[in-house]
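Notes follow the structure.
The values are calculated or read from the model by the stated rules, or taken from the named source; none is laboratory data. Here the structure is a predicted model, which is why all the values come from computation and not from measurement. In this analysis, Cβ positions are derived from the backbone assuming ideal geometry, glycine residues included, and neighbour counts consider all displayed protein chains. Just the protein is used for accessible areas: all its heavy atoms, side chains included, with ligands, DNA and RNA removed. Shrake-Rupley method; radii C 1.70, N 1.55, O 1.52, S 1.80 Å.
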Amino acid sequence: MKNMYHDLLLDHYTHPRNAGQVENPSLLSQQYHPSCGDAVSVTGHIEDTILTEVKFKATGCVLSVASGSILSELVAGKSIDFVESLDKDILLATIGIPLGPIRIKCVLLPLYALKEAIIAYKNKPFVS
């Protein structure tokens, strides 16, 4: 079972899904992990409370890149409410391998960036 998760992480690291940056995003956030130097940015579009497009850029370890890829697949096409309901336990269960406290931060970096982007989006002033 552990090899299956290891293979999943390596696949997402070597062939990240939704990598890049959305043009003219309605969502944008960046997170940095000073302990290991990982950096993640998330961009996306929201239409009628649905995350219609999401992309990420990650530099760093296998866990932060793979987690960004996995998370982007998990949230694409989902509602903002769904994204806000995600927590570390859901993402860690999806990753499927035991991690120490420093490595957990690598996995959670994309989630923190995405949640920060949603908060910033919701706090934008309405422009008519």
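For the chain, the share of accessible area belonging to carbon and sulfur comes to 56 percent (1.4 Å probe, ligands and nucleic acids excluded).
Treating only the Cβ atoms of Lys and Arg (+1) and Asp and Glu (-1) as charged, compute the dipole magnitude of segment 87-128 about its Cα centre; round to the nearest 20 debye. Show your work: numbers first, answer last.
Details: 6 positive and 3 negative charges, 23 e Å.
Around 120 debye, computed over segment 87-128.
DSSP bridge analysis restricted to segment 1-87 gives an antiparallel fraction near 95%, rounded to the nearest 5.
Note on Ala76 and Ala93: the model spin-label points, each 7 Å out from Cα along the C-beta direction, lie 2.3 nm apart. Toward the positive end of the charge dipole of segment 57-128, with +1 on the Cβ of Lys and Arg and -1 on the Cβ of Asp and Glu, the farthest Cα among Thr59, Ala76, Ala120 is that of Thr59. With the simple spin-label model, which puts each label point 7 Å out from Cα in the Cβ direction, the Tyr32 to Ala19 separation comes to 2.2 nm.
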